[in-house]
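**Student:** Below is the structure I would like to discuss, written out as structure tokens.
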Amino acid sequence: MKCRKCGRRAVAILKAYGLSLCERCYPEFYLNLVKRSIKRYGILKPKEKILAAVSGGKDSSAMANVLKKLGYEFELLYIDLGIDHYSSESERAVMELAESIDVNVNVVRLEEYGFTVSDVRKRLRRKTCSACGTAKRYIMNRFARENGFDIITTGHTVEDIVSFYLKNVAGGMRLWAEKLLPRNEPFDEKIVARAKPLFEVSEKENMLYVLIESIPFTPMECPYAPNPEWKEIVYEIERRKPGFSKNFIRGLISEKEEFDHVKYCRLCGEITNRDICSFCKLRMSF
Ligand code: SF4
Ligand code: ZN
């Protein structure tokens, strides 16, 4: 297959966009993709002091690199969770990443708080990931606030958001809409805003980007990672219906926007999200 832009051999086959690109044209496409969503959804604001949380994996490494290329000023935060070889390997990748983009990296060790994720695994066993998530959110927020950062960015991808949504709906849980949004404003002065610059980008797109641009990352998976059942379901739907995940989250956002902007119909006064409600529109055709 050939590159749609220049005709060289294509290395990136992007079914969601019906597009194939070569290794020279792909990075530009990727940067524009992230730039567009940052702008469209107001994910980052000018002059914010950004703390980019990185894990050493492909997604957050791609995020840090793209923020740098787009001209943002930021620092990195790496949390050493104390997961044996996985943590040391991740830290090595983060240090290499920081050097490659010339950005300051802050390291906080969970051990400073008296325990590690491996301790959690030994004692609480089933609750490893939820305890780990609690620790990461706590440290990220506290570090950012105490050091004067305005916003924390994470490397969440479109698959993270869609699988989270499906899992919660299937589990009959309340929908935590704030976790699905590309940017969360703080509801208290102790909370720092959060943003997901890659929320419209897929894992495959991140992988292509880090490989083509030789961005340091570790392919190692956390040994405590659960079976990614929901992610696999999302991959399978995406395989059958390319573009599903991106359309899905765009739909979620516009639903949320409509919900946030409740209006009253200009003609009948009933609730609507438009100027004239759908019922009045319907009536007008008779
Ligand atoms: Fe933490 Fe590993 Fe679970 Fe991720 S997979 S939340 S790093 S324990
Ligand atoms: Zn090309």
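**Student:** Tell me, what is the per residue accessible area of the chain in Å², probe radius 1.4 Å?
**Tutor:** 58 Å²
**Student:** Give me the number: length gained by fully extending GLU28 to THR134, i.e. 0.36 nm times residue separation minus the C-alpha to C-alpha distance, one decimal in nm.
**Tutor:** 34.6 nm
**Student:** Which of the lysines could a cross-linker span from LYS49 if the Cα-Cα distance has to be under 28 Å and same-chain partners fewer than 8 positions apart are dropped?
**Tutor:** Cα-Cα hits under 28 Å: LYS35, LYS39, LYS58, LYS68, LYS69, LYS136, LYS179, LYS190, LYS196, LYS256.
**Student:** Kindly identify segment 27-261 as rounded, prolate or oblate by the Cα gyration tensor criterion: order the square roots of the eigenvalues as a ≥ b ≥ c, call it rounded if a/c is under 1.5, otherwise compare a/b with b/c, prolate if a/b is larger, else oblate.
**Tutor:** Verdict is rounded for segment 27-261.
**Student:** With the full set of protein chains in place, find how many percent of the accessible area of segment 1-79 is carbon and sulfur; take the probe as 1.4 Å.
**Tutor:** For segment 1-79, the apolar C and S fraction of the accessible surface comes to 50 percent.
**Student:** Can you send over the solvent-accessible area of ARG137, 1.4 Å probe, protein chains only, in Å² to the nearest 10?
**Tutor:** Looks like 100 Å² after rounding.
**Student:** Could you please report the charge total around ARG9, scoring K, R as +1 and D, E as -1 over all other residues with beta-carbon less than 15 angstrom from its beta-carbon?
**Tutor:** +4
**Student:** If you average the alpha carbon positions of segment 91-147 and of segment 228-257, how far apart do those two centres end up, in angstrom?
**Tutor:** Segment 91-147 and segment 228-257 have Cα centres spaced 29 Å from each other.
**Student:** Please find the FRET efficiency linking LYS69 to MET173, where r is the Cβ-Cβ separation and R0 is fixed at 45 Å, and quote it to the nearest 0.05.
**Tutor:** Once the sixth-power term is evaluated, E becomes 0.75.
**Student:** Kindly provide the GluC sites (Glu not before Pro) of segment 7-101 that DSSP labels as loop, not H, G, I, E or B, and whose Cβ sees at most 12 other Cβ atoms within 10 Å.
**Tutor:** Here the sparse-neighbourhood loop sites are GLU73.
**Student:** Pairing the Cα long axis of helix 58-69 with the longest principal axis of the chain, what angle in degrees results, from 0 to 90 and rounded to the nearest 10?
**Tutor:** That works out to roughly 80 degrees.
**Student:** Helix 203-212 versus the longest principal axis of the chain: what angle, 0 to 90°, nearest 10, using Cα atoms?
**Tutor:** Helix 203-212 and the main axis of the chain meet at about 50 degrees.
**Student:** Also, quick follow-up: Any chance you could give the angle, 0 to 90 degrees and rounded to 10, that helix 26-40 forms with the longest Cα principal axis of the chain?
**Tutor:** 60 degrees
**Student:** Using a basic spin-label model with each label point 7 Å from the Cα along Cα→Cβ, how many nm lie between ASP102 and LYS35?
**Tutor:** 2.0 nm
The values are calculated or read from the model by the stated rules, or taken from the named source; none is laboratory data. Please read these numbers as outputs of a predicted model, since none were measured by experiment. For neighbour counting, all protein chains shown are included, and Cβ atoms are generated from backbone atoms with ideal geometry for every residue, glycine included. These area figures cover heavy atoms from the full protein model, side chains too; ligands, DNA and RNA do not enter into them. Shrake-Rupley method; radii C 1.70, N 1.55, O 1.52, S 1.80 Å.
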